[in-house]
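The values are calculated or read from the model by the stated rules, or taken from the named source; none is laboratory data. As the structure is a computational prediction, the values presented were derived from the model and not from experiment. Positions of Cβ are generated from backbone atoms using ideal geometry, with glycine treated the same way; all protein chains shown enter the neighbour counts. Surface accessibility is based on the protein's heavy atoms, side chains included, excluding ligands, DNA and RNA. Shrake-Rupley method; radii C 1.70, N 1.55, O 1.52, S 1.80 Å.
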Amino acid sequence: ATEAEEKDLVIIGGGVAGYVAAIKAGQAGLKVACIEKRGALGGTCLNVGCIPSKSLLNNSHLYHTILHDTKNRGIEVGDVKLNLQQMMKAKETSVSGLTKGIEFLFKKNNVEYIKGTGAFADEHTVAVNLIDGGETSVRGKNIIIATGSEATPFPGLTIDEKRVVTSTGAIALKEVPKKMVVIGGGIIGLEMGSVWSRLGAEVTVVEFLGQIGGPGMDTEISKMTQKILQKQGMKFKLNTKVTKGDDSGDTIKISVEAAKGGKEETLDADVVLVAIGRRPYTAGLGVENIGLETDERGRLVIDQEYRTKHPHIRVIGDCTFGPMLAHKAEEEAVAAVEFITKNYGHVNYNAIPSVMYTHPEVAWVGQTEAEVKNSGVKYNVGSFPFSANSRAKTNLDTEGIVKFIADAETDRILGIHIVGPNAGEMIAEGTLALEYGASSEDVARTSHAHPTLA
Ligand code: FAD
Ligand code: NAI
């Protein structure tokens, strides 16, 4: 074997965390290599996550609107037909444009792109099994692990990505299922459930907890969202657990019962989506070869500066602590590279927005009302319905509310929660307000153009 080449920084994983770190470090003048095994850059987010799901959400919403919401707007349409193949093609065009864009940015910023699977040979050396065959290795003065996450499997159900799917299969179904059962009413369940419900599937969501939306969604907002999605045709079984699944027959049988014990019921499905959360992905990385620690949920353990017990090895993105979100991974990438090049870096974990891209969208930043209540801080809540907003009225799109939670003494904003049209864009202002330590009065006294949703 040839002597491994030495770089200033070696990054394992070319997802959002990895590619942003690579480009940032390249711009700072470091000699960088980024190892990615899937054959395309952009990771989960660009290839099978954020981007393809948003393409399908947008186009299925348009289809649903044209089918059900044109007459009252004075638009007469003729035959409306779904061309699922073309909808998937549009998705693929968006994805490939973006992943190729990153390859271009790698070249522009002198990042070496190594296509293969990386594993630690020692604390400074990563051995790479190349996709095209053969092996190589690369040494790093600094190493960043950014290997991301994978869907948590459901015990007893074998994922084939055709009938029993994770989000990866759910963004690529060949036909609209008649009946779809979604296990887990979190963000993936509700986004992908929305897509197939709009395209004609009868969707039932089974959720273990008493509310939908996954961790972080304010209870009042969650309840309102559930009502809206129910009106669109989605069915929900809350406080319910799946006891077993049987996919041996033509239809899949999913047995469910009340979480606290109760009578069993069987649901039939053509497709079952398993969406019970994601877990860090470090398989085959050889972290055991260099003694790196993981916690009880498989997350690689790091300190405030993203360092493992070997200080030149850092970890960012989904495979370590914090919310599994692309923009969180991106912020950490910038901070980790700044720690390497400048010795300081910072991410404000209190001001990371969340957006669920259903219709209407749900978006929030900061603490939920329950969290504020538990913290013992005295607080005020103010909310306003879109049904009284002039732009929402003219758009005939008035479902939802905006809810502010502020400190009762100082008026400092503690949390902002929105369910409503364009919530995902509007939360940017809320995030800025929180980042700047604004009071709710600061926002109220800021002039907002009329008529707008903002
Ligand atoms: P990943 O994107 O998972 O990238 C890790 C990369 O490392 C992968 O490409 C993998 O192939 C590679 N890799 C792993 N091991 C090795 C190895 N040993 N050698 C070489 N390469 C390796 N987040 C949002 O903020 N907004 C959204 O709208 C959103 N939508 C989503 C929709 C879905 C369906 C899913 C599944 C996720 C969504 N997410 C969304 C979450 C988002 O995708 C992740 O938070 C983000 O991708 C994390 O980035 P990452 O770089 O840490 O990991
Ligand atoms: P999630 O954590 O959002 O939701 C999982 C849901 O499944 C929870 O409500 C949980 O109570 C429930 N659950 C767990 N075990 C269960 C069981 N046995 N039976 C029934 N219900 C069960 O996870 P999800 O939806 O899989 O998404 C994973 C992550 O991907 C998200 O947390 C998010 O970080 C990211 N993501 C972000 C998106 C966005 O930002 N728009 C879109 C999609 C994914």
**Request:** For residue 276, work out the one condition from (1) more than 16 Å from ligand 2 (Cβ to nearest atom); (2) open to solvent by 40 Å² or more (accessible area, probe 1.4 Å) it doesn't fulfil.
**Result:** (1)
**Asked** Within the set of pairs 6+ apart or on separate chains, which have a first residue in region 223-247 that is at positive phi, a second that is assigned to a helix (DSSP H, G or I), and C-beta atoms under 8 Å apart?
**Response** 233/197
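Just one of 115, 71, 91 is of a type in the set (Lys, Arg) and within 16 Å of ligand 2 (Cβ to nearest atom); which is it? Full working, then the answer.
Details: 115 fails: within 16 Å of ligand 2 (Cβ to nearest atom); 71 fails: within 16 Å of ligand 2 (Cβ to nearest atom).
Exactly one residue qualifies, and that residue is 91.
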**Fill in**
In region 28-54, anything open to solvent by 20 Å² or more (accessible area, probe 1.4 Å), within 16 Å of ligand 2 (Cβ to nearest atom) and not hydrophobic (A, V, I, L, M, F, W, C) is listed as 44, 47, 54
**Request:** Would you mind stating whether residue 262 is loosely packed, with under 15 Cβ neighbours inside 10 Å and free of Cβ contacts under 8 Å to residues at least 12 places away in the same chain?
**Result:** yes
**Message:** Can you report the number of residues in region 205-237 which are within 12 Å of ligand 2 (Cβ to nearest atom) and either over 21 Å from the mean Cα position of the chain (by Cα) or acidic (Asp, Glu) (or both)?
**Reply:** 4
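Here are 223, 244: which of them is away from ligand 1 (no atom under 16 Å from the Cβ), at pLDDT 95 or above and surrounded by fewer than 20 Cβ atoms within 10 Å (Cβ to Cβ)? So that I can check it myself, show each step before the final result.
Values: 244 fails: at pLDDT 95 or above.
After ruling out the rest, the residue left standing is 223.
For region 310-402, which strands (runs of 3 or more DSSP E) that fit wholly inside it have 1 or more residues that are open to solvent by 70 Å² or more (accessible area, probe 1.4 Å) and under 30 Å from residue 230 (Cα atoms)? Give the steps one after another, and end with the answer.
Numbers: elements: 313-315, 354-356, 361-366, 379-385.
So the answer is 379-385.
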**Asked** Going through region 289-309 one residue at a time, which ones are open to solvent by 30 Å² or more (accessible area, probe 1.4 Å), within 13 Å of ligand 1 (Cβ to nearest atom) and closer than 19 Å to residue 125 by Cβ?
**Response** 289
**Item:** Any chance residue 185 is in a loop (DSSP other than H, G, I, E, B), within 16 Å of ligand 2 (Cβ to nearest atom) and open to solvent by less than 10 Å² (accessible area, probe 1.4 Å)
**Value:** yes
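Within region 120-158, can you find the residues that are assigned to a loop (DSSP other than H, G, I, E, B) and either within 16 Å of ligand 2 (Cβ to nearest atom) or under 30 Å from residue 251 (Cβ atoms) (or both)? Please lay out each step first, then the result.
First pass over region 120-158, keeping only residues assigned to a loop (DSSP other than H, G, I, E, B): 121-124, 131-134, 146-148, 152-158.
Answer for region 120-158, where residues must be assigned to a loop (DSSP other than H, G, I, E, B) and either within 16 Å of ligand 2 (Cβ to nearest atom) or under 30 Å from residue 251 (Cβ atoms) (or both): 146, 147, 148, 152, 153, 154, 155, 156, 157, 158.
Taking the options 67, 82, name whichever one is surrounded by 12 or more Cβ atoms within 10 Å (Cβ to Cβ), in contact (Cβ under 8 Å) with a residue 24 or more places away in the chain and either farther than 30 Å from residue 143 by Cα or among the β-branched types (Val, Ile, Thr) (or both).
Details: 67 fails: in contact (Cβ under 8 Å) with a residue 24 or more places away in the chain.
Checking each option against the conditions leaves just 82.
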